1. Give me the number: length gained by fully extending H29 to E146, i.e. 0.36 nm times residue separation minus the C-alpha to C-alpha distance, one decimal in nm.
2. Would any residue of region 39-59 have its amide N under 17 Å from a label point 7 Å out along Cα→Cβ of T162? List them or say none.
3. What is the Cα convex hull volume of region 81-196 when expressed per residue in Å³?
4. With contacts defined as alpha carbon pairs under 8 Å and 6 or more residues apart, what's the relative contact order of the chain in percent?
5. Over region 46-150, what relative contact order in percent results from Cα pairs under 8 Å that are six or more residues apart?
6. Got the relative contact order for region 70-116 handy, in percent, Cα pairs under 8 Å and 6 or more residues apart?
7. On the protein heavy atoms, probe 1.4 angstrom, tell me the percent of accessible surface of the chain carried by carbon and sulfur.
8. Quick check: Cα centre of region 139-184 to Cα centre of region 1-68, how many Å?
Amino acid sequence: MASPLSANGFLDALRDEGLTVVEVGDWRHHNRNHKGPWGPVHGVMLHHTVTSGSAKTVRICRDGHPGLPGPLCHGVITKDGRVHLVGYGRANHAGKGDDDVLRAVIAEKALPHDNESNRDGNRYFYGFECENLGDGEDPWPEAQLEAIEKAAAAVCRRHGWTARSVIGHKEWQPGKVDPRGFSMNTMRARIAARLK
């Protein structure tokens, strides 16, 4: 069980990992905490945005849309490898997912197949949205993949977690496919190597 990092601690963790961080508006106080608690935190969840264009992507992830108010994550990782901080606290990114997966993340064990949506993930996970159309064809530049690796490792390092605390949305909630276009096992291997 871990309390969320302070907003400044989160920012410092990302910068200490060598990331270029862009602070968007009053991101430290932009959250959905009025809808429920944030924490204890147990891991990092990765997503793709189904958008193109960094400015548009950051705006949508900060503000949300009529059916889903923002913030839609804590950080947006654009194709150029920058991390745009858009919110801190509870964010609309994980939705309901499988409590068996949550237990595996907490225990840092192999993930079971997600087959139910019975636990509120917005409470338990840091979320990074990654700019990509999610069609399996839109490329993932190495600068972006490296930033994803660094961002996830930064949070894991601060909490003392291993790479097994990093999951994709597709591993949490049945029917989700994100992030599409790279393997979560490969990304976890990259994160594990960075944490050594």
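1. 39.4 nm
2. Once the point is set 7 Å along Cα→Cβ of T162, 42-44 turn out to lie under 17 Å by backbone N, inside region 39-59.
3. Values: hull volume 12.2 nm³, N = 116.
Value for region 81-196: 105 Å³ per residue.
4. Across the chain, relative contact order equals 28 percent.
5. Numbers: 195 pairs, mean separation 38.0, N = 105.
So the answer I get is 36 percent.
6. Working: 48 pairs, mean separation 13.5, N = 47.
Over region 70-116, the number comes to 29 percent.
7. Working: 4030 of 8330 Å².
Its accessible area is 48 percent carbon and sulfur atoms.
8. Between the Cα centres of region 139-184 and region 1-68 lies a distance of 14 Å.
The values are calculated or read from the model by the stated rules, or taken from the named source; none is laboratory data. Note that the structure is predicted; figures quoted are calculated from it, not measured. Methodologically, a virtual Cβ is constructed for each residue, glycine included, from the backbone with ideal geometry; neighbour enumeration extends over all protein chains shown. The protein model used for the area step is the full one, side chains on, heavy atoms only, and it has no ligands, DNA or RNA in it. Shrake-Rupley method; radii C 1.70, N 1.55, O 1.52, S 1.80 Å.
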